[in-house]
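Read through the structure below, which is laid out as structure tokens, and then see the notes.
The values are calculated or read from the model by the stated rules, or taken from the named source; none is laboratory data. A quick note: this is a predicted structure, and the numbers were derived from the prediction, not measured. Quick reminder, even Gly has a Cβ in these numbers, built from the backbone with ideal geometry, and neighbours come from all protein chains shown.
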Amino acid sequence: MGKMLKVLGSSRAREILFRIMHNSKPVVATSLAKELCLTDAAVCQHLRKLEDAGLICRHEQKTQNGFVMIIEPQTAVLRERLLSIVSHIDTEL
């Protein structure tokens with residue numbers, strides 16, 4: 001729980017997590033970077049921390065042009081719990 005709260009202390013990480021969780025399909029990391037006007041490296045750093053905290057899972061998918069990183073929330077149960085926690089954090093800050 002400590003890792004989760006620590007990573008959710010970052011407003012950028014919360015924004016990335018919200019975008020992942022509110023998407024009905026898996027998210028592509030490069031698309032996420034473009035949406036947020038961030039570099040791929042910056043997004044990957046946040047994604048690594050979110051994954052280490054057990055909030056998301058990442059995997060590579062082969063495409064015609066190489067590979068893309070696909071990101072998904074861990075589970076539906078975790079998704080609902082996290083939305084509640086993150087909403088509470090945002091209202092408290």
- request: Inspect all residues belonging to the range 72-85 and state whether any of them is surrounded by 14 or more Cβ atoms within 10 Å (Cβ to Cβ) and either modelled with pLDDT of 85 or more or assigned to a loop (DSSP other than H, G, I, E, B) (or both).
  value: yes
Failed item, numbered, when VAL68 is tested on (1) without any contact (Cβ under 8 Å) to a residue 12 or more places away in the chain; (2) in a strand (DSSP E or B): (1)
- prompt: Any chance the range 27-50 includes a residue that's in a helix (DSSP H, G or I), surrounded by 13 or more Cβ atoms within 10 Å (Cβ to Cβ), at pLDDT below 85 and not basic (Lys, Arg)?
  reply: no
field: Scope the range 51-63; condition surrounded by 14 or more Cβ atoms within 10 Å (Cβ to Cβ) and touching a residue at least 24 places away in the same chain (Cβ under 8 Å); matching residues
entry: ALA53, GLY54, LEU55, ILE56, ARG58
task: Just name the residue that is farthest from the chain's Cα centre (by Cα) out of those in the range 5-26 that are surrounded by fewer than 17 Cβ atoms within 10 Å (Cβ to Cβ) and hydrophobic (A, V, I, L, M, F, W, C).
output: LEU5
query: When you go through (1) of a type in the set (A, V, I, L, M, F, W, C); (2) at pLDDT 90 or above; (3) assigned to a strand (DSSP E or B) one by one for ALA13, which number turns out not to apply?
result: (3)
